[in-house]
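Peer 1: Would you mind keeping the following structure in view while I ask a few things?
The values are calculated or read from the model by the stated rules, or taken from the named source; none is laboratory data. If you're wondering where the values come from, they're calculated on a predicted model, not measured in any experiment. Note that we place each Cβ from the backbone using ideal geometry, even for glycine, and neighbour counts take in every protein chain shown. SASA here: full protein model, heavy atoms, side chains in, ligands and nucleic acids out. Shrake-Rupley method; radii C 1.70, N 1.55, O 1.52, S 1.80 Å.
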Amino acid sequence: MTDSARAAPTASRQLIWTLAALASFGPLSTDMYLPGLPSLTRDLHTSAAAANLTLTASVLGLGLGQLIAGPASDQLGRRRPLLVGLAGFALASALCAAAPSVWVLTAVRLVQGLCGGAGIVIARAIIRDLYGGTQAARMYATQMAITGVAPILAPLIGGGVLTVSSWRGVFLVLTATGVCLVALATRSVPETLPVAQRSGGGMRASVRMLGGLVSDRAFTPYCVAFACSFGAMFAYISGGSYVLENVYGISPQLFSAIFAGNSLGFMALSHLSARVVDRFGSMRLLRWGLVAVCAGALGVLAVTADRGAIWVLLIVLFCVVAANGLALSNGVAAAMASRPQALGSASALLGLAQFGLGAAIAPLVGLGGARDALPMGIVMAACGAVALGASLTFSDRRPAAV
């Protein structure tokens, strides 16, 4: 832990809110413009499939951007890559608003994601710079509880913008958000990685460090558990509307209410994790969370395979989403604790695994068509089982700091 950790508790409230805002790039840049996809398709005279590529490009960019910004922050410090990424996000968002075709929009969305990834990856690294052990786990849980508001608000904000503007107006809002975050980070985020603790050796050293992390049996299992637990939840995010509306016949308004309720469950368990991690320990909370995610995902598979009652499906879906409030924050804490000398790179691989898996899952859940619930159940069950299995298999290699 750095010397700045001694001062962290007095500054943590302002800083944690700033870092939570930075970590919200994912839902902000993806969910906010979802209500505008139909009008975007019409305005750019394109197909729904081509319009959806803009979403895929954004998710891929968020993952790849973390792979670039994380190692860069280990070498250059946290502030410079962060501020460059935020400024790039604001500029790319403005270019999205002016895109003349879906293909230009797709390319710029990729750049927007690449830049936005810097905020996500560096926010995680800064927390681990400042905090260790269960205190780091508490900060991750608090950050996720705050960030959990974004998936609820982003579509509502996007829908509100569409009442007074077009889909281009949504990207102008994202431009303004990026500008505000540049100002907020400039004022509130200190440099948390002293020069003496930075890594050297350029790109070649970064590649070696990333390779070492991939082969590190103290890091990789928690990275896999984190990504697959998120993957189980993302399968619901990607396919839940089709399953609940097309298969079970609920209204879009009711689906929005269900989605909000599940998000509140995620926030509540994240908040609970922050409150009780000192008592139970991060590793125990991680295990409880993964068991609940796996049990809920297997329940989703059973219900979708047999076209079970909707109230049973809603219960097991809630279990998966809410339990991620325990699994994700404590999974990050466990993975980051295993490699304190390469926090930016470790955070980058976590982000790449998370968003890379999410990008792969999105088309998988739709393989059976808009009226088939089983693919979502299969993907969720597979992700939940792999997440729990990775944690159980390597339970003897727990990071000592967590």
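Peer 1: Considering only residues of segment 287-310 that are open to solvent by less than 50 Å² (accessible area, probe 1.4 Å) and modelled with pLDDT under 90, which is nearest to residue 380 (Cα to Cα)?
Peer 2: Per the criteria, the residue is 308.
Quick grid of which residues meet (1) open to solvent by less than 20 Å² (accessible area, probe 1.4 Å); (2) modelled with pLDDT under 75; (3) farther than 16 Å from residue 328 by Cα; (4) aliphatic (A, V, I, L, M):
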| position | (1), (2), (3), (4) |
| --- | --- |
| 120 | yes, no, no, yes |
| 123 | yes, no, no, yes |
| 127 | yes, no, no, yes |
| 130 | yes, no, yes, yes |
| 135 | no, no, no, no |
| 138 | no, no, no, no |
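Peer 1: Report, ordered by the first and then the second residue, all pairs with beta carbons closer than 8 Å, sequence separation of six or more or different chains, a first member in segment 306-333 that is farther than 22 Å from residue 257 by Cα, and a second member that is among the basic types (Lys, Arg) and open to solvent by 10 Å² or more (accessible area, probe 1.4 Å).
Peer 2: Note: pairs meeting the criteria are 332/124.
Peer 1: Any residue in segment 152-178 that's within 28 Å of residue 268 (Cβ to Cβ) and open to solvent by 20 Å² or more (accessible area, probe 1.4 Å): show its pairings with residues that are among the polar types (S, T, N, Q) and part of a helix (DSSP H, G or I) at Cβ separation under 7 Å, as long as the two are six or more apart or on different chains.
Peer 2: Hits for this filter: 152/263.
Peer 1: Sort out which residues of segment 66-95 are crowded, with 24+ Cβ neighbours inside 10 Å and more than 12 Å from residue 344 (Cα to Cα), and write them in order of number.
Peer 2: 85, 86, 89, 92, 93
Peer 1: Going by the structure shown, is residue 286 over 15 Å from residue 373 (Cα atoms), part of a helix (DSSP H, G or I), within 18 Å of the chain's Cα centre (by Cα) and aliphatic (A, V, I, L, M)?
Peer 2: So residue 286 fits the description; yes.
Peer 1: Now for a different question. Just to be sure, is residue 26 among the small types (Gly, Ala, Ser) and modelled with pLDDT of 85 or more?
Peer 2: No: the conditions fail for residue 26.
Peer 1: Just need a number here: residues in segment 222-237 that are more than 17 Å from residue 296 (Cα to Cα) and open to solvent by 10 Å² or more (accessible area, probe 1.4 Å).
Peer 2: 2
Peer 1: Scan segment 46-87 residue by residue and report those that are in contact with a Lys or Arg (Cβ under 8 Å, 6 or more places away or on another chain) and not in a helix (DSSP H, G or I).
Peer 2: If the condition is that a residue be in contact with a Lys or Arg (Cβ under 8 Å, 6 or more places away or on another chain) and not in a helix (DSSP H, G or I), then 77 is the only one that fits.
Peer 1: Another one. Taking segment 179-191, which residues are open to solvent by 50 Å² or more (accessible area, probe 1.4 Å) and among the small types (Gly, Ala, Ser)?
Peer 2: Of everything in segment 179-191, just one residue is open to solvent by 50 Å² or more (accessible area, probe 1.4 Å) and among the small types (Gly, Ala, Ser), namely 183.
Peer 1: Report, by residue number, each residue of segment 238-286 that is touching a residue at least 60 places away in the same chain (Cβ under 8 Å), in contact with a helix residue (DSSP H, G or I) (Cβ under 9 Å, 6 or more places away or on another chain), under 21 Å from residue 379 (Cα atoms) and open to solvent by 50 Å² or more (accessible area, probe 1.4 Å).
Peer 2: 242
Peer 1: Here is a check on your reading of the model: is residue 270 among the polar types (S, T, N, Q), in a helix (DSSP H, G or I) and modelled with pLDDT of 90 or more?
Peer 2: Spelling it out, it is not the case that residue 270 is among the polar types (S, T, N, Q), in a helix (DSSP H, G or I) and modelled with pLDDT of 90 or more.
Peer 1: Which of the following residues is of a type in the set (A, V, I, L, M, F, W, C), at pLDDT below 85 and more than 26 Å from residue 190 (Cα to Cα): 40, 15, 110?
Peer 2: Step by step, each of 40, 15, 110 is checked, and only 40 is of a type in the set (A, V, I, L, M, F, W, C), at pLDDT below 85 and more than 26 Å from residue 190 (Cα to Cα).
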